[in-house]
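S.K.: If you scroll down you'll find the structure; I have some questions about it.
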Amino acid sequence: MSELEDRRGIGSVDIAMSVLRVFADSTGAMSLKEISDRTGLATSKLHRYLASLVAQGMVSQKERSGRYDLGPLAAELGLAALGRSDFVNKTAAALPDLVDRVGCTAMLSVWGSNGGTIVRWERAHNHIVTTLGLGTVMPLLESATGRIFLAYLPESLTLQALAPQNLSRAQALRKEIRELGYAAVGGDFIPGLYALAAPVRNWQGDAEAAVTLISLSPDLIDPKGDILRDLLATCRDLSLPRKG
């Protein structure tokens, strides 16, 4: 391959990556024209790139509308990247013992480009069947997981996605959860499902991950219960000591 051909090959990858970046920054599926406007590529040229990305599974195309969105391979790569951090591996290794002690299913989530994202499950022997799965993005205000990230991440990351009418509620939740050190919900997100979550924090005090326990029993969210004490102790042991 000549030097010119090599440069062209690299340029093609750069263009493909710029197209994928547009999808990563978007909140949903887009038309060919929308992608063209955001990338600055002519629609004829863009269509060829999209066809290749669709063929490889990095992009998908809706049959009815013809709009484009991230594909299954993009989702797999994103989950793989999120799930390989030291915090994730260390915390995931602690989940089996936690689940054995408390008898509840646990899930581990990290903050991704779209919000708190489930990256690991550890199921109890009486595990609960839900629609939640790996890659599910948890709502910021209605889920215990989302509320942990709301409270323990910079506002510049979390509040930008909220509608203006929800900001005052978000600020109140943030203050409350930071005072408590945990988040608990009972049917706010999924009717009949109780959830209890706590942060695994880095040396700056930010949440690197959230550990969430789920149960059909309201006993889970008892503020004086043994389960809460165990969860908080586990997450505290997994967190890094604060500096300064």
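Since every read-out is calculated from the coordinates, none of them should be taken as a lab result. Bear in mind the structure is a predicted one, so any value in this text is a computation, not a measurement. Don't worry about glycine lacking a Cβ; one is built from the backbone with ideal geometry, like all the others, and counts go over all protein chains shown.
S.K.: Can you give me the Rg/Rh ratio for the range 57-166, using Cα atoms for both radii and the Kirkwood formula for Rh? Walk me through the numbers on the way to the answer.
M.R.: Values: Rg = 16.0 Å, Rh = 15.7 Å.
Answer for the range 57-166: 1.02.
S.K.: Could I have the simple spin-label model distance between residue 222 and residue 180, label points 7 Å from Cα toward Cβ, reported in nm to one decimal?
M.R.: The modelled label-to-label distance comes out at 1.7 nm.
S.K.: What residues have an amide H closer than 5 Å to that of residue 112, excluding those fewer than 5 places away on the same chain, when H is modeled at 1.01 Å from N in the peptide plane?
M.R.: 117
S.K.: So, one more: For the residue pair residue 55 and residue 42, what label-to-label distance in nm results when each label sits 7 Å from Cα along the Cα-to-beta-carbon direction?
M.R.: 2.1 nm
S.K.: Among 104, 235, what is the fewest-to-most ranking by other Cβ atoms within 10 Å? It would help to have the intermediate numbers written out before the result.
M.R.: Values: 104 27, 235 24.
With the fewest neighbours first, 104, 235 line up as 235, 104.
S.K.: What number, in percent, do you get for the relative contact order of the range 3-71 if the mean sequence gap of Cα pairs under 8 Å and at least 6 apart is divided by its residue count?
M.R.: 30 percent
S.K.: Same structure again: Would you mind calculating the relative contact order of the range 70-197 from Cα pairs under 8 angstrom and at least 6 residues apart, reporting the percent as a whole number?
M.R.: 17 percent
S.K.: Using θ = phi - 60° and the Karplus curve 6.51 cos²θ - 1.76 cosθ + 1.60, what whole-Hz ³J(HN,Hα) does each residue of the range 12-27 get, with Gly and Pro shown as x?
M.R.: Using θ = phi - 60°, the values come out as 5, 5, 4, 5, 4, 5, 5, 5, 5, 4, 4, 5, 5, 7, 8, 9 Hz.
S.K.: Using 7 Å Cα-to-Cβ label points, what is the residue 12/residue 125 separation (nm, one decimal)?
M.R.: 5.7 nm
S.K.: Still on this structure, I have one more. Starting from 0.36 nm per residue, how many nanometres of slack lie between residue 25 and residue 65 once their C-alpha separation is accounted for?
M.R.: Once the chain is fully extended between residue 25 and residue 65, it gains 12.3 nm.
S.K.: When only C-alpha pairs under 8 Å and at least 6 residues apart count, what is the relative contact order of the chain, in percent?
M.R.: For the chain, the relative contact order is 14 percent.
S.K.: Give the long-range amide H neighbours of residue 71: residues separated by 5 or more places, or on another chain, with amide H under 5 Å away, using H modelled in the peptide plane at 1.01 Å from N.
M.R.: Here the answer is 59, 60, since their amide H atoms fall under 5 Å of that of residue 71.
S.K.: Quick one, what does Rg over Rh come out to for the chain if you take C-alpha atoms and the Kirkwood Rh?
M.R.: Here the Rg-to-Rh quotient is 1.05.
S.K.: Also: For the range 185-226 and the range 114-183, compute the distance between their C-alpha centroids and round to whole Å.
M.R.: A separation of 9 Å, based on Cα centres.
S.K.: Please give the residues of the range 131-155, grouped as numeric ranges, whose backbone N is less than 16 Å from a label point set 7 Å along the Cα-to-Cβ vector of residue 167.
M.R.: 155
S.K.: In addition: Once the mean 1/r over all distinct Cα pairs of the range 3-71 is inverted, what Kirkwood radius in angstroms do you read off?
M.R.: Values: mean 1/r = 0.0816 Å⁻¹.
Computed over Cα pairs of the range 3-71, the Kirkwood hydrodynamic radius comes out at 12.3 Å.
S.K.: Can you spot the lysines whose alpha carbon is less than 29 Å from residue 90's alpha carbon? Ignore those fewer than 8 places along the same chain.
M.R.: 175, 224, 243
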